[in-house]
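Shown next, in structure tokens, is the structure this report addresses.
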Amino acid sequence: MSLKISVIGLGYLGATHAVVMAQLGHEVIGVEPNVERLDSLRAGKLPFYEPGLQESLTDAVASGRLRFTDRHNEISAAADLHFICVGTPQLTGSQAADTRHLYSAISDLATVIQDGAVVAGKSTVPVGTAADLRAELLNKSGKKVELVWNPEFLREGHALQDSLTPDRIVVGISPETKDLGPEMVLRAAYSAQIAAQIPFLVTDLATSELVKVAANAFLATKISFINAVAEMAELTGADAGQLAEAIGFDERIGSKFLRNGIGFGGGCLPKDIHAFEAKASEIGAKGIASLLQAVDSINLERRARVIDLAKLALGELTGKRIVVLGAAFKAETDDIRESPALEVALALKSAGATVLVHDPMALDAVRLKHPGLETKDDLLEALAGAELAILATEWSLYRNLDPVAASSVVAVKNLIDGRNYLDAEKWQSAGWSVFGLGRGA
Ligand code: UDX
């Protein structure tokens, strides 16, 4: 069954969701107040890099099932389902999430929403937010409408695949919702996934909110766990990469999210664990609050370890030419939010080094946000004259880089592999001194 859907907020999450809902046959209108982003989408151009999504956007627009607006009153025309995908960034000067955009989206929606419509929140929120937003919507609109929570688990770099074939769909519904109508609307929106046997779980609102933050917290904990073990490996001469491979064969542990390195970043994991910790502290859930504090500090410590290794390689950093390979927070994205690669670059610059950053996709964003950082688009030009190269993002072009070709342009053959991504032996045979995280230096 095809639905009339609005998607409010067209960042990574919302833009992907709007495209995918149109691809699944629904009639979709996307709402975005940011003029630049809206103009780009209206011109059929994705405002960020995400593999495969530009092609899907072009197809969805051509099908006539996807259009964009900045006006809430345009979405009222009998939309069955409104997805809220606005950002919940970290509040300045606090660990907590800023939920203001959500409240303003609900206020705007309350003025135009029609009887019988369902609102599904997808943004990541502190537990308790959905129930509060539901009360606001019912009070302000005075209509017979419902608000459910439908967290999104997509990863940047895999957004299309994660949206079309998610591991599960979770829908939180208030116990005050007496009929099955809202659940049926969500089932209709995701009928293709349900037909493909993807689990569809119905919970209460609080559980659905917690599922999302707990999933991200667990992933962050897994990474910090292996990074903490990596520190042990460094002190004992063991190899954390081999160790992770060995423990990962145990199905109860699993091999995914056990890559040690300079730690996690991005627009989700860091801010989500901060917000989870803030909420847990606020309500007295001491266990998870202290666990997440440890996860966060282990994560930040890994960046400091890279600076220590740079000092080990170069001695004094002042005036030394260092090239940082990678600026995006991970490969296959141009997103530099909370990027460990950039944090390392900025810390080295503060320590007096002459830093140059290379990235195949994210340099426009770097130039905009950090105009003081030197950048180069060409990899060999970026490496020219370097006394130390630091692999900070696992782009495949770095793995494909020939160490012999790199040798001919650098001043000193020093390499720190911040992601345990390169073939260390190959680089060593080409005469490079290779410093890795998670193994004895
Ligand atoms: C994450 C969650 O995976 C996703 O489910 C949620 O919806 C949003 O947040 P994303 O931010 O796209 O997705 O990145 P993810 O792939 O989870 O990686 C997060 C960070 O962890 C990256 O900086 C990555 O480099 C790092 N990472 C990942 C590691 O350091 N080691 C690993 O083994 C895996």
Exercise for review: List the residues whose amide H sits under 5 Å from the amide H of THR375, counting only those 5 or more places along or on another chain, with H placed 1.01 Å from N in the peptide plane.
Suggested key: VAL357
Check your understanding: Can you give the charge dipole size of region 90-144 about its Cα centre, rounded to the nearest 20 debye, using +1 on the beta carbon of Lys and Arg and -1 on the beta carbon of Asp and Glu?
Key -> 120
Review point. Once amide H atoms are placed 1.01 Å from N in the peptide plane, what residues at a sequence separation of 5 or more from PHE83, or on another chain, have their amide H within under 5 Å of its amide H?
Key: SER6, VAL7, ILE8, ALA120
**Study point:** Table column - 3J(HN,Hα) (Hz), region 374-379, Karplus curve with 6.51, -1.76, 1.60, x for Gly and Pro
**Key:** 6, 9, 9, 7, 8, 5
Exercise for review: Output the peptides 103-109, 261-267, 388-394 sorted from most to least packed, where packing is the average of other Cβ atoms within 10 Å over each peptide's residues.
Suggested key: 388-394, 261-267, 103-109
Review point. Which lysines does LYS143 reach when only Cα atoms under 26 Å apart count, and residues fewer than 8 places away in its own chain are ignored?
Key: LYS4, LYS122, LYS178
Exercise for review: Could you tell me which of the pairs LYS212/LYS286; LYS330/LYS376; LYS144/LYS212; LYS271/LYS330; LYS212/LYS256 are separated by over 22 angstrom between their Cα atoms in the structure shown?
Suggested key: LYS144/LYS212
Check your understanding: Lys/Arg Cβ at +1, Asp/Glu Cβ at -1, dipole of the chain taken about the Cα centre: which of ALA214, GLY142, SER40 is farthest positive-ward?
Key -> GLY142
Point to revise | Stretchable slack from ALA62 to ASP364, in nm (0.36 nm times residue separation minus alpha-carbon distance) | key: 105.9 nm
Point to revise | Within the chain: Cβ-based charge dipole about Cα centre, in debye rounded to nearest 20 (Lys, Arg +1; Asp, Glu -1) | key: 280
Point to revise | Size of electric dipole in region 4-203: Cβ of Lys, Arg +1 and of Asp, Glu -1, about Cα centre, debye, nearest 20 | key: 220
Study note, to complete from the structure: The extension gain from ASN400 to THR203, computed as 0.36 nm times the residue separation minus the Cα-Cα distance, is 66.3 nm
Practice item. Using θ = phi - 60° and the Karplus relation 6.51 cos²θ - 1.76 cosθ + 1.60, list the HN-Hα couplings for region 406-420 in order, rounded to whole Hz, with x at every Gly or Pro. Key: 5, 4, 6, 10, 7, 8, 9, 8, 10, 9, 10, 9, x, 10, 6
Revision key, fill the gap. With label points set 7 Å from each Cα along the Cα-to-Cβ direction at ASP378 and GLU176, the distance between them in nm comes to 6.4
Exercise for review: Would you pull out the residues with amide H under 5 Å of ILE416's amide H, same chain only if 5 or more places away, H placed 1.01 Å from N?
Suggested key: ALA389, ILE390, LEU391, PHE435
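Laboratory data are not the source of any read-out in this text; all were calculated from the coordinates shown. Predicted model only: the values in this text are computed from it and were never measured. Every residue, glycine among them, receives a Cβ derived from its backbone with ideal geometry; neighbour counts consider all protein chains shown.
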